[in-house]
Amino acid sequence: GLADTVKIIGFAQEDNLIKYFLDAGIVVISRRDLALESSGMLMHALSAGVAVIVPDDGAFPEHIQENRGLLYKRGDALSLAGVLKKLIVGAKLRSELSENGLRYAQAELAEAVIARKHIEAYKKLLGY
């Protein structure tokens, strides 16, 4: 049954996220509240090199462009089920999304890259 293959863990400490992501192979972000989407969950999942499924609104779509993940219609369980099924049965697609997401995370989301971008933005604001 489903209980043998799906485990809902609830809140997880950040130290354990990568292990859970790698064990799962697919990460679904399904928050209902757009205000809470900045938790960094997507960035952690991409950095772990796993396939991601995210809602089609908010800031999520910009991070999974270029075949880095899949979108579902927020609030639509059938949309989510269809996208999830694609990844469960599509090992090649799952692998491609995982690799593309990891490359993106390494190039754009690494701490040093984000720090450099912040410094550049502040310099621009201050006229340096």
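The values are calculated or read from the model by the stated rules, or taken from the named source; none is laboratory data. What you are looking at is a predicted structure, and each value in this text was computed from that prediction instead of being measured. Glycine gets a Cβ as well: all are built from the backbone with ideal geometry, and neighbour counts include every protein chain shown. Keep in mind that these areas ignore ligands, DNA and RNA; they rest on the heavy atoms of the full protein, side chains included. Shrake-Rupley method; radii C 1.70, N 1.55, O 1.52, S 1.80 Å.
Which of Y104, I64, I88 sits farthest toward the positive end of the charge dipole of region 52-117, with +1 on the Cβ of Lys and Arg and -1 on the Cβ of Asp and Glu?
I88
Carbon and sulfur: what percent of the chain's accessible surface (1.4 Å probe)?
57
Once Rh is set to the Kirkwood radius over Cα pairs, what Stokes-Einstein translational diffusion coefficient, in µm²/s, holds for region 1-117 at a temperature of 4 °C and a viscosity of 1.567 mPa s?
88
Dipole size in debye (nearest 20) for region 61-128 around its Cα centre, Lys and Arg Cβ +1, Asp and Glu Cβ -1?
100
Scan around Y72 for amide H atoms under 5 Å from its own, H built in the peptide plane at 1.01 Å from N, and keep only partners 5 or more places away or cross-chain.
Placed amide hydrogens put V54, D56 under 5 Å from Y72.
Per residue, what accessible area does the chain have, given a 1.4 Å probe and all protein chains present, in Å²?
That works out to 68 Å² for each residue.
Going through region 58-128, which GluC sites (Glu not before Pro) have at most 12 other Cβ atoms within 10 Å and a DSSP loop state?
E66
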